[in-house]
Every structure is written in C-alpha cells, then in structure tokens.
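First the structure, in the form of structure tokens, and then the observations on it.
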Amino acid sequence: MENIEAIISASLNEVQESRVRDSMLYSLTAGGKRIRPLLLFEVLKGYGKDESIGIPFARAIEMIHTYSLIHDDLPAMDNDDLRRGRPTNHIQFDEATAILAGDGLLTEAFHQISESREPADRVLGCVGILSEMAGPSGMIYGQCLDINESDQDTFEEIRRVHLYKTGCLLSAPLMMGAVLSGQGEEIVNAWHEVGNRIGLAFQIQDDILDITRTAEDLGKSNSDARNDKVTVVKLLGEEASRRNVSELYAECRSRMNQFRGFDSASMIHMVDQIEARMK
Ligand code: GRG
C-alpha cells in the first residue's frame, strides 16, 4: 500500500476542477497528523486484513475531519486564521468558498465510500457509523454544545462536549475497521468505548498543549484561550490533567489487549505515539 500522504492527496483526483476543488485540496493536503485514517489501518492490520481495503474509508474520515476544521475556523464559529501551519481556508480563499469546501468534503466522503468493493453489508455498516458519528447525534451535537457556553460549567459537561466533538470522530475509524474485519456489534461497540477514551485524552492533551506550546509550534491559533473557555486543565490543574490522560490511554491499551483475534502490538505503538504527541 502507498503511504498515507499519497493516499489522502489522491482523494480528489476524480473531482471536477474548480476553485472549490482547489480549496478542498488546500486544506486536505496541509499536513495534518492523519491520526484518524491511521487508526483505521491499524485496526485492519491487527485483525490480519489487507489494509488497502480501508483506503476509501480512510479518505472519507480525513475528509470529514478536514471539513469540520474548515467550518470550525470560520468567522461565525471560532474565527481562527491559522491551521496546520497555514492561513485558514477562508483567509486563503474566501468565506463562501470555505463553506463550499467543507460541504464538498463532507459529501465527497460518502462518494469515496461508494467506491469500496467490500461486501455491501459491511460498507453499509460503515456508512451508518460514519454518518452517526459525524452527524447531529455525534460530532455536530458536540459542536452544538460547544458553541453554547451555558452547557460547559462542570467537569461532566465539559467531558460530554469532548466525548461528542472529539471522541466520535476518533471512534468512527476504529468502529469501521472492526466492521470491515467482520466483527459483530458487541465488538464494534467495544471499539467505540476505546475511541471515547482516546477522544477524552486527546482533547485534554490539546488543552495542555494550548497552554504549554506556542501557536507557531502547534501550527494553529488558540481561540479557546482568546475566548477564555473553561477547560478540564483549568478545572483540574495541569498535573491532575496529565494523570487523567495517562489513565485514559492505559485503559485503551488494556482494552485493546483483550480483543480476541486482534494482534494489538502495532496499534499500541500508535497509542504510545499519540500519548507522546507535541502538536
Ligand atoms: C464545525 C461541523 C463542525 C464541527 C466542529 C472537530 C470540530 C467540530 C472542531 C475542530 C476544533 C477542535 C479543537 C476539535 C477538537 C478535535 C481536535 C483536537 C481536532 C484537531 O485534530 P488533530 O489534532 O488535527 O488530529 P490535525 O490537523 O493533525 O488533523
């Protein structure tokens, strides 16, 4: 299989040339960490499947993630001007094009999945998971809670925002990988639980990085600090937050070790890398 950058960059090769395609490609190829597609490939690898069957789904998840970042950066949302080390999409292009680029990435994601030649019940299972995790009962619900500050006073309320806004899109590739590997509902739900923990830990890490690293290091502006948002780190303090992150990743490793027929070595290596991330 080609490397992840080649796979993601080729996603829009068949799309009509236009300003909106340029704008989609600008953000899609801006050098994200590619954690979500890599998680999908790790699940397939662990179950001994040919990783290349995951390509349409890996592209789809990265497209949806990229669309969410483009829309999140818009003036009507966080109004950020730096993302992945570059001007945000609406700064580089314009607001209308950035909205269309997000819409285009979201729609094209499901077109990519339609190209899969895996058994139809598995493909359909993935469509159900991805649309639920990205949609109004998943990431969009999280974003809806996030833009309403009255929903974020307590630790539990903040965790709920993280679970939906961040966790759902990290659970989706794990769950899709399990479905494509022929796992049943119970195991797919168990992967969802792993994704929830990665999501919570990932977001707390993000909040720690926001106060310990510069915008230049991170390649993105820190609108949470600008908007004086309540975060887990502000509520618990940095030390307790770091402990919480370690505990959550330890739980993930332990759960991954318990999946029958799953060789967890490579996935656990990836979890170690996510835990050590500096951006
Ligand atoms: C606006 C539809 C809509 C949804 C917004 C995902 C999201 C919901 C907003 C993005 C802002 C944000 C801080 C989300 C939390 C998840 C998160 C930490 C995203 C950044 O993911 P990384 O670190 O980014 O994987 P890269 O750039 O590496 O891909």
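The values are calculated or read from the model by the stated rules, or taken from the named source; none is laboratory data. Only a predicted model underlies this, so the values are computations on that prediction, with no experimental measurement involved. As a convention, Cβ positions derive from the backbone with ideal geometry for all residues, glycine included, and neighbour counts pool all protein chains shown. With ligands, DNA and RNA removed, areas are computed over all heavy atoms of the protein, side chains included. Shrake-Rupley method; radii C 1.70, N 1.55, O 1.52, S 1.80 Å.
Of the set (1) closer than 22 Å to A215 by Cα; (2) part of a helix (DSSP H, G or I), all apply to A76 but (2). Of all the numbered requirements in (1) open to solvent by 10 Å² or more (accessible area, probe 1.4 Å); (2) over 30 Å from R117 (Cβ atoms), I158 misses one, and that requirement is (1).
Here R21 fulfils each of the conditions (1) surrounded by 22 or more Cβ atoms within 10 Å (Cβ to Cβ); (2) farther than 29 Å from Q183 by Cα apart from (1).
Go through the range 244-269 and give me each residue that's loosely packed, with under 15 Cβ neighbours inside 10 Å and not charged (D, E, K, R).
Narrowing the range 244-269 to residues loosely packed, with under 15 Cβ neighbours inside 10 Å: 246-247, 250, 254, 257-258, 260-261, 263, 265-266, 269.
S246, A250, S254, N257, Q258, G261, A265, S266, H269 - these are the residues of the range 244-269 that are loosely packed, with under 15 Cβ neighbours inside 10 Å and not charged (D, E, K, R).
Tell me yes or no: at least one residue of the range 231-248 is of a type outside the set (A, V, I, L, M), in a helix (DSSP H, G or I) and within 19 Å of the chain's Cα centre (by Cα).
No, every residue in the range 231-248 fails to be of a type outside the set (A, V, I, L, M), in a helix (DSSP H, G or I) and within 19 Å of the chain's Cα centre (by Cα).
Restricted to the range 38-64, and to residues there that are open to solvent by 10 Å² or more (accessible area, probe 1.4 Å) and aliphatic (A, V, I, L, M), the residue that is farthest from M139 (Cα to Cα) is I53. All of N79, N89 fail the test of being within 14 Å of the ligand (Cβ to nearest atom), open to solvent by 60 Å² or more (accessible area, probe 1.4 Å) and touching a helix residue (DSSP H, G or I) at 6+ places or on another chain (Cβ under 8 Å), apart from N79.
Return yes or no: is G177 open to solvent by less than 40 Å² (accessible area, probe 1.4 Å), away from the ligand (no atom under 16 Å from the Cβ) and more than 21 Å from I61 (Cβ to Cβ)?
On the way: open to solvent by less than 40 Å² (accessible area, probe 1.4 Å): yes; away from the ligand (no atom under 16 Å from the Cβ): yes; more than 21 Å from I61 (Cβ to Cβ): no.
So G177 fails the test.
Go through the residues of the range 43-58 one by one and say whether even a single one is outside any helix (DSSP H, G or I), within 11 Å of the ligand (Cβ to nearest atom) and without any contact (Cβ under 8 Å) to a residue 60 or more places away in the chain. Spell out how you get there, then give the answer.
Residues of the range 43-58 that are outside any helix (DSSP H, G or I), as a first pass: 47-50.
Next cut, within 11 Å of the ligand (Cβ to nearest atom) only: none.
There is no residue in the range 43-58 that is outside any helix (DSSP H, G or I), within 11 Å of the ligand (Cβ to nearest atom) and without any contact (Cβ under 8 Å) to a residue 60 or more places away in the chain.
One residue stands out in the range 109-153 among those that are part of a loop (DSSP other than H, G, I, E, B) and under 18 Å from G199 (Cα atoms): the one that is most open to solvent (accessible area, probe 1.4 Å), namely P136.
Which of the residues belonging to the range 6-31 are more than 21 Å from I113 (Cα to Cα) and either hydroxyl-bearing (S, T, Y) or within 10 Å of the ligand (Cβ to nearest atom) (or both)? Break it down stepwise before answering.
Restricting attention to the range 6-31, the residues satisfying the condition of being more than 21 Å from I113 (Cα to Cα) are 18-19, 22-23, 26, 30-31.
S18, S23, Y26, A30, G31 - these are the residues of the range 6-31 that are more than 21 Å from I113 (Cα to Cα) and either hydroxyl-bearing (S, T, Y) or within 10 Å of the ligand (Cβ to nearest atom) (or both).
Consider G138 carefully, then state whether it is within 16 Å of the chain's Cα centre (by Cα) and under 19 Å from V179 (Cβ atoms). In short, yes.
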